[in-house]
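Participant: Following this message is one structure expressed as structure tokens.
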Amino acid sequence: MVTVLTLSGLVSPGPALALNDAQQLVVEAWRLVNQSYVDPERFERIHWKRLRQRALERQISSSADAYAAIEGMLQPLEDPYTRLLRPEDYAALQSTNQGTVSGVGLQLALRASDQAVVVIAPLDDSPAAEARIVSGTRLLSVDGMATADLGLDGTAAALRGPTGSTVLVTLQDQDGAAREVELERRQVDLHPVRSKRLRVDGHTLGYLRITQFAEPVPQQVKEALRDLQEQQIEGLILDLRNNSGGLVSAGLAVADALLDNLPIVETEDRDGLVTPQQASPGQLFDGPMLTLVNAGTASASEILAGALQDNGRSRLAGSRTYGKGLIQTLISMSDASGLAVTVARYLTPGGRDIQNEGIEPDVTLAEPEPINPGGDGDSWLQQAGRLLAAELPRRPDTDS
């Protein structure tokens, strides 16, 4: 807003300049970030109000112009998680939160050290998983377009396309070797919750894998735990490997189901207000647990893992987690686009800030890491079974 001061009789106020729809979108984005971003002190350092004015001084006559202006305005925040989601990207993210996704099944992030686009994890039963693309792999290009130019959301958009079409990706493995892989796009059902019964060293164990925290997950976890307990399990292996997060509310609901009146997490908002989240009395499963984690365990799944570890509810086994200690909210804008805005930081019940640090497991499992969590030949699951079985009192082997 511009305030015009006039001296009566000396200066006549001129006509107000009206903003077109595209310019209004820029103002809307600036306002939404301004009122919700976690670190308002950063606004002073980057001259946030001046960035809005500079954005509006650009030629903005279309949605494409507006999106470019918004992205330029957000870039000085240097927060890869606070970003514009163009309509197709926003719709795709909402679909993921419902439990389905279309594309090649890669969950991506920007690496903090160099802003490279890297793989957090492949989705189970996806083209990416079948091509054995693993956590930590750098994505260099998509169909010849450099990811450094596309950015995170541009890369994700380039990977999407009609079912049956193909996309050529150039990858750099963690050993530095580059390779090209052609992937066929298809509809991927996340199947975010999977469970089965295991027999290990004479004991009956339950296995519960959560691949993503989508809306259906809390109810699906409740049903899975009920079914497993009907099979008389003595302990539970919770598998959070390659779970890159999703809806924080879903992660909190699962933590509530596994912790009996214990602290889950503390969140700190833009005003420095720390809000503790406490589990309600009672729990859906109160037996021994062991939780599997890896470098693809991020965000909401780290909240759950940290709560289980800090409260002594479950040991963690595997490798260090990803290290995302920031929480975003999704905000719809007037043209079907959206904003992802960092609105809070979180601390584990023990007061740990895991941003860029991750969570160290109680038991580090031997490399190489299995590429098919929960599948045949999963050596980490086998090791986890033995670790959990060793905690249980010996029972006669009466497997039926």
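The values are calculated or read from the model by the stated rules, or taken from the named source; none is laboratory data. If you're wondering where the values come from, they're calculated on a predicted model, not measured in any experiment. Every residue, glycine among them, receives a Cβ derived from its backbone with ideal geometry; neighbour counts consider all protein chains shown.
Participant: Tell me the strands (runs of 3 or more DSSP E) entirely within the stretch 209-305 that contain at least 3 residues that are loosely packed, with under 15 Cβ neighbours inside 10 Å and either aromatic (Phe, Trp, Tyr) or more than 16 Å from the chain's Cα centre (by Cα) (or both).
Facilitator: 274-278
Participant: Sticking with this structure for a sec: Take the residues in the stretch 164-186 that are in a strand (DSSP E or B) and in contact with a Gly (Cβ under 9 Å, 6 or more places away or on another chain); name whichever of them is surrounded by the most Cβ atoms within 10 Å (Cβ to Cβ).
Facilitator: LEU183
Participant: Out of the stretch 68-95, which residues are in a helix (DSSP H, G or I) and either under 20 Å from ARG58 (Cα atoms) or assigned by TED's automatic domain parsing to the domain that holds LEU330 (or both)?
Facilitator: The answer is ALA68, ALA69, ILE70, GLU71, GLY72, MET73, LEU74, GLN75, PRO76, LEU77.
Participant: Any idea which of GLN59, GLN53, GLN75 is out of contact with any Asp or Glu (no Cβ under 8 Å at 6 or more places or on another chain) and either farther than 18 Å from ALA116 by Cα or modelled with pLDDT under 90 (or both)?
Facilitator: Exactly one of GLN59, GLN53, GLN75 is out of contact with any Asp or Glu (no Cβ under 8 Å at 6 or more places or on another chain) and either farther than 18 Å from ALA116 by Cα or modelled with pLDDT under 90 (or both), namely GLN53.
Participant: Just checking, does the stretch 324-336 include any residue being assigned to a loop (DSSP other than H, G, I, E, B), acidic (Asp, Glu) and loosely packed, with under 14 Cβ neighbours inside 10 Å?
Facilitator: Looking for residues that are assigned to a loop (DSSP other than H, G, I, E, B), acidic (Asp, Glu) and loosely packed, with under 14 Cβ neighbours inside 10 Å, one finds none in the stretch 324-336, hence no.
Participant: When the stretch 306-323 is examined, which residues are found to be on the phi > 0 side of the Ramachandran plot and surrounded by fewer than 23 Cβ atoms within 10 Å (Cβ to Cβ)?
Facilitator: Selection gives GLY312, GLY323.
Participant: Pairs under 9 Å by beta carbon, first residue more than 28 Å from VAL188 (Cβ to Cβ) in the stretch 200-219, partner β-branched (Val, Ile, Thr) and modelled with pLDDT under 95, six or more apart or different chains?
Facilitator: Close Cβ pairs satisfying both conditions: GLY202/THR398.
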